[in-house]
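Participant: Sending over a structure as structure tokens; questions will come in a sec.
The values are calculated or read from the model by the stated rules, or taken from the named source; none is laboratory data. Not measured: the values here are computed from a predicted model. No Cβ is skipped: glycine too gets one built from the backbone with ideal geometry, and neighbour counts run over all protein chains shown.
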Amino acid sequence: MTDSPMDAALLRSRTRELLAAHPPATTDRLDFLRARFDAGLAWVHYPEGLGGLGAPRSLQAVVDAELAAAGAPGNDPRRIGIGLGMAAPTILQYGTEEQKRRFLRPLWTGEEVWCQLFSEPGAGSDLAALGTRAVREGDAWVVNGQKVWTSSAHLARWAILIARTDPDVPKHRGITYFVCDMTDPGVEVRPLRQITGEAEFNEVFLTGVRIPDSRRLGEVGDGWRVAQTTLNNERVAIGGARLPREGGMIGPVARTWRERPELRTHDLHQRLLTLWVEAEVARLTGERLRQQLAAGQPGPEGAGMKLAFARLNQEISGLEVELLGEEGLLYGDWTMRRPELVDFTGRDAGYRYLRSKGNSIEGGTSEILLNIVAERVLGLPAEPRTDKDVAWKDLAR
Amino acid sequence: MSAPTDLLYSEEEEAVRAAVRDLLGDHCDAAGVIARGESGAPHDLTLWKVLTEDMGLAGLLVPEEHGGQGATHREAAVVLEELGRAVAPVPYLTSAVVATEALLACDAADLLAELAGGRRISVLAVGLHTAPGAGHPTARIAGGALHGELTGIADAAAAGVLLVPADDGGLYAVESGAATVTPQVSLDLTRPLATVVLDGAPARRIGDAAPAVRRALRAGAGLLASEQLGLADWTLTETVRYLKERKQFNRPVGGFQALKHRLAHLWLEVAHLRAAARNAADALTTGQDTDVAVAVAQAYAAPVAVHAAEEALQLHGGIGMTWEHPVHLYLKRAKADSIAYGTAGAHREALAALVDLRAP
């Protein structure tokens, strides 16, 4: 999209009007965020009345720069990433007018946190095989099942949920998409403690939860298609920021190497240099991808970046623990905690080593991503499918 | 941090690519390259003439006032990608990049213009395996004439002028007619090596050897990554094409997950190599952070190109082991390239000093 100077100027003046009417220094944070949403400056590419102005997405930067210069408060997007990155685009595309008006404003301001009830113990890579059941009773759906690996479930007011509404058709066709009230009776959230000692995620048990039909997103049985919007936006959200050299996990290892010559061995030196080169090339590949996007020529490299970083994070953190020797035998803290954000670089090497094991599992396993590259980028044939035309209830499990 | 390097291809660079690819499609088929390799005249001088005299590609790195095109390493890198894709047996890297860079550091405008116009071919008489900054043998200068034997000189058999470092610290131009150039049976038939014997060869001092050789080898190492990218890209593309077509067990073998994952890994490596190679070409152009960019590119490119060629051979099955199928040309070039201008290990060692990750 090209920058229309008039639109940029218009947005700039609207932003200044907002700042004049609600000076950040004297305005309550939440009041300011609500006023910003109502002025259409939350996400300018959204429609008018829903936090936007129907402007090109690229012009958001104009607004953000003005607001940052004025010291305006932000909506802490990292804390509400699932709402912003996954729930909002899905609600925008499939929601009714009433749903959009009810959900988007408090979602964007962060007043209401969202989580995602997709993965199940029996449906990981094969998400479409999910077994949480939703049965119609009058104008509501009664939901029973178990979800897992749910970030923010213990903080969330709302969830996007996919559940099986028709077990008698093939798995992709019998799913429906709902918005679930996390405060409803029958919703039980339990922390899921992981190998690092803490619990970033939750298990969510749904027992007789009643969801009004008015909180369905999209048609009955069309939930898989609706979920694609959610998942595609998840991939758009990844990829983001420009890294400086040594900006990733290689940074702390390189610093330790420089500062503590007594830890150096020849074997570690060879491995460190090899990984340093790979990290630098991965950084350049990410930078090239960003340049392609900026030039309006998105490349397929995005599909591969997660693969590359998962392997690198694991190898680099493994080397780091080994480099530390005696210290590598220790661990910072096994206390069960509930972190709001994942912070790789702020913790010790042992934590990085353990946490990065999940990088090749979460958000699409490396094996599934390799299939995606092979089939969608290289055009190789898919595996023969034995599940496509079989009713969900007859699938092997 | 300085401005980010431009890692994309410009429209002009894509135009250069299209022109070279077209030409190679018409003039550089695999069967011809295989036959030429054993013919006693391994270099394709007809192709060279079109690339240089007609298209002016030998003069990309040479300023216009010296008879060149005044272009940059970025365009030369694109030419090398395409030459790599075709394993073209032409002395582009050795003459139009390495020897040309050496001359650019010297005072030899006449030679530079001849090389830029493609009228003459020249090679630096330093072994192909030599990394930038590494030591290398020199000839002995006595009474204005050179003596000695230098081995492993790539494309020397095609050269009219040899650029010879001598024991007095000078770089000398020697007519190859005044030397004895003997081809060596080489692993890579498309970039053959030769020994150069100098027995009182008349020579002209054109400059200091150390800075010229260093500059030449650094550019050679940096742009070699683009050739390796071209090799790897061809082997991946051709292997994917073949595995979609080849059927066993009543299926295209490219549909088996064990093979798909190997190809997806290769694709990822090639995508990374593209970023590393573009970064090196851009850094050679701008002069910013060049030593690191070149060392990173070579430390990464060599194993990727070899891996791509080795996988191509394995995934082709039996046909890949035949002399008739071109994949061996790519394997031999990729393996030779992994030694050319310094191994990946040598470049990692250079990085240890450049980015302060010192050995124990």
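Participant: Would you be able to say whether some residue in region B:254-261 is in contact with a Pro (Cβ under 7 Å, 6 or more places away or on another chain), over 18 Å from B:Ala131 (Cβ atoms) and among the small types (Gly, Ala, Ser)?
Facilitator: Checked against the condition, which is being in contact with a Pro (Cβ under 7 Å, 6 or more places away or on another chain), over 18 Å from B:Ala131 (Cβ atoms) and among the small types (Gly, Ala, Ser), region B:254-261 yields at least one hit.
Participant: Another question, then. Inspect region A:11-21 for any residue being touching a residue at least 60 places away in the same chain (Cβ under 8 Å) and either in contact with a strand residue (DSSP E or B) (Cβ under 6 Å, 6 or more places away or on another chain) or polar (S, T, N, Q) (or both) and give the result as yes or no.
Facilitator: Within region A:11-21, not a single residue is touching a residue at least 60 places away in the same chain (Cβ under 8 Å) and either in contact with a strand residue (DSSP E or B) (Cβ under 6 Å, 6 or more places away or on another chain) or polar (S, T, N, Q) (or both).
Participant: Right, something else. Just checking, how many residues over region A:266-279 are farther than 12 Å from A:Leu319 by Cα and either of a type outside the set (Gly, Ala, Ser) or within 7 Å of another protein chain (Cβ to nearest Cβ) (or both)?
Facilitator: 3
Participant: To continue, here is another question. Quick one: which of A:Ala310, A:Ala254, A:Ala282 is under 29 Å from A:Tyr353 (Cβ atoms), touching a residue at least 24 places away in the same chain (Cβ under 8 Å), of a type outside the set (Phe, Trp, Tyr) and within 11 Å of chain B (Cβ to nearest Cβ)?
Facilitator: A:Ala282
Participant: I'd like to verify a number: residues in region B:1-52 that are part of a helix (DSSP H, G or I) and closer than 30 Å to B:Thr290 by Cα, how many?
Facilitator: Total meeting the criteria: 14.
Participant: Let me ask something else about it. Could you count how many residues in region A:343-389 are within 14 Å of another protein chain (Cβ to nearest Cβ) and assigned to a helix (DSSP H, G or I)?
Facilitator: Selection size over region A:343-389: 13.
Participant: Only one residue in B:Ala344, B:Ala353 is within 14 Å of another protein chain (Cβ to nearest Cβ) and free of Cβ contacts under 8 Å to residues at least 40 places away in the same chain. Which one?
Facilitator: It is B:Ala353.
Participant: Next up: Six or more apart or on different chains, Cβ under 6 Å: which pairs go from a residue in region B:115-135 that's more than 14 Å from B:Leu103 (Cα to Cα) to one that's part of a loop (DSSP other than H, G, I, E, B) and acidic (Asp, Glu)? Could you list them?
Facilitator: Listed pairs, sorted by first residue: none to list.
Participant: Which condition number does B:Gln288 fail, the rest of (1) closer than 19 Å to B:Leu217 by Cα; (2) more than 11 Å from chain A (Cβ to nearest Cβ); (3) free of Cβ contacts under 8 Å to residues at least 60 places away in the same chain being met?
Facilitator: (3)
Participant: Of all residues being without any contact (Cβ under 8 Å) to a residue 40 or more places away in the chain and facing chain A (nearest Cβ under 7 Å) in region B:243-264, which is surrounded by the most Cβ atoms within 10 Å (Cβ to Cβ)? Just the residue, please.
Facilitator: Here the residue is B:Ala264.
Participant: Within region A:55-82, can you find the residues that are in contact (Cβ under 8 Å) with a residue 60 or more places away in the chain and either closer than 25 Å to A:Arg225 by Cβ or assigned to a helix (DSSP H, G or I) (or both)?
Facilitator: Scanning region A:55-82 gives A:Gly81, A:Ile82.
Participant: Let me ask something additional. Quick one: in region A:104-119, of everything that is within 15 Å of A:Gly52 (Cβ to Cβ) and touching a Phe, Trp or Tyr at 6+ places or on another chain (Cβ under 7 Å), which residue is surrounded by the fewest Cβ atoms within 10 Å (Cβ to Cβ)?
Facilitator: Within region A:104-119, the match that is surrounded by the fewest Cβ atoms within 10 Å (Cβ to Cβ) is A:Arg105.
Participant: Another question, if that's okay. Please verify whether B:Val87 is assigned by TED's automatic domain parsing to the domain that holds B:Thr46, on the phi > 0 side of the Ramachandran plot, hydrophobic (A, V, I, L, M, F, W, C) and buried (at least 24 other Cβ atoms within 10 Å of the Cβ), treating the condition exactly as stated.
Facilitator: Yes.
Participant: Is one or more of the residues making up region A:97-106 modelled with pLDDT of 95 or more, of a type in the set (S, T, N, Q) and assigned to a helix (DSSP H, G or I)?
Facilitator: Looking through region A:97-106, at least one residue is modelled with pLDDT of 95 or more, of a type in the set (S, T, N, Q) and assigned to a helix (DSSP H, G or I).
Participant: In the list A:Thr165, A:Thr183, A:Thr132, A:Thr150, which residue meets the criterion of being surrounded by 19 or more Cβ atoms within 10 Å (Cβ to Cβ), in the same structural domain as A:Glu203 (by TED's automatic domain parsing), polar (S, T, N, Q) and out of contact with any Leu (no Cβ under 7 Å at 6 or more places or on another chain)?
Facilitator: Answer to the selection: A:Thr165.
Participant: Among the residues of region B:158-204, how many are surrounded by fewer than 21 Cβ atoms within 10 Å (Cβ to Cβ) and either in contact with a His (Cβ under 7 Å, 6 or more places away or on another chain) or in the same structural domain as B:Lys332 (by TED's automatic domain parsing) (or both)?
Facilitator: 2
Participant: What pairs can you find where one residue is in region B:1-27 and within 14 Å of chain A (Cβ to nearest Cβ), the other is assigned to a loop (DSSP other than H, G, I, E, B) and at pLDDT 95 or above, and their Cβ atoms are less than 9 Å apart, with a gap of 6+ or different chains?
Facilitator: Close Cβ pairs (under 9 Å, with a partner that is assigned to a loop (DSSP other than H, G, I, E, B) and at pLDDT 95 or above) amount to B:Met1/A:Arg245; B:Ser2/B:Gln288; B:Ser2/B:Asp289; B:Ala3/B:Gln288; B:Thr5/B:Gln288; B:Thr5/B:Asp289.
Participant: Let me ask something else about it. Looking at region A:313-333, which of its residues are more than 15 Å from A:Arg255 (Cα to Cα), modelled with pLDDT of 95 or more and not in a helix (DSSP H, G or I)?
Facilitator: Result: A:Leu330, A:Tyr331.
Participant: Just to check your reading of the model, which residue among B:Leu150, B:Leu112, B:Leu146 is more than 16 Å from the chain's Cα centre (by Cα), part of a helix (DSSP H, G or I), modelled with pLDDT of 95 or more and over 30 Å from B:Asp233 (Cα atoms)?
Facilitator: B:Leu112
Participant: If a residue must be more than 18 Å from the chain's Cα centre (by Cα), buried (at least 16 other Cβ atoms within 10 Å of the Cβ) and not in a loop (DSSP other than H, G, I, E, B), how many such residues does region B:124-142 contain?
Facilitator: So the count comes out to 2.
Rundown of residues vs (1) within 16 Å of the chain's Cα centre (by Cα); (2) closer than 30 Å to A:Glu259 by Cβ; (3) of a type in the set (Val, Ile, Thr); (4) buried (at least 23 other Cβ atoms within 10 Å of the Cβ), yes/no style:
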site	(1), (2), (3), (4)
B:Ala276	yes, yes, no, yes
B:Ala281	yes, no, no, yes
B:Asp291	no, yes, no, no
B:Gln314	no, no, no, no
B:Lys335	yes, no, no, no
B:Tyr341	yes, no, no, yes
B:Ala344	yes, yes, no, no
B:Ala352	no, yes, no, no
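Participant: Looking only at region B:15-67, which residues are of a type in the set (Lys, Arg) and more than 14 Å from B:Glu82 (Cβ to Cβ)?
Facilitator: Residues satisfying the conditions are B:Arg36, B:Lys49.
Participant: Take B:Ala283 and tell me if it is of a type outside the set (Asp, Glu) and closer than 21 Å to B:Leu93 by Cα.
Facilitator: Yes, satisfied.
Participant: For the structure I just gave you, tell me whether B:Val87 is away from chain A (no Cβ under 14 Å), assigned to a helix (DSSP H, G or I) and among the aliphatic types (A, V, I, L, M).
Facilitator: It is false that B:Val87 is away from chain A (no Cβ under 14 Å), assigned to a helix (DSSP H, G or I) and among the aliphatic types (A, V, I, L, M).
Participant: Name the residues in region A:87-118 that are under 12 Å from A:Gly218 (Cα atoms) and not β-branched (Val, Ile, Thr), would you?
Facilitator: A:Leu92, A:Gln93, A:Tyr94, A:Gly95, A:Gln99
Participant: Of the numbered conditions (1) modelled with pLDDT under 95; (2) more than 11 Å from chain B (Cβ to nearest Cβ), A:Glu203 fails exactly one; give the number of that condition.
Facilitator: Only one criterion in (1) modelled with pLDDT under 95; (2) more than 11 Å from chain B (Cβ to nearest Cβ) is unmet by A:Glu203, namely (1).
Participant: A further question on this structure: Look through region A:291-301, keep the residues that are surrounded by fewer than 19 Cβ atoms within 10 Å (Cβ to Cβ) and of a type outside the set (S, T, N, Q), and return whichever of them is nearest to the other protein chains (Cβ to nearest Cβ).
Facilitator: That would be A:Ala295.
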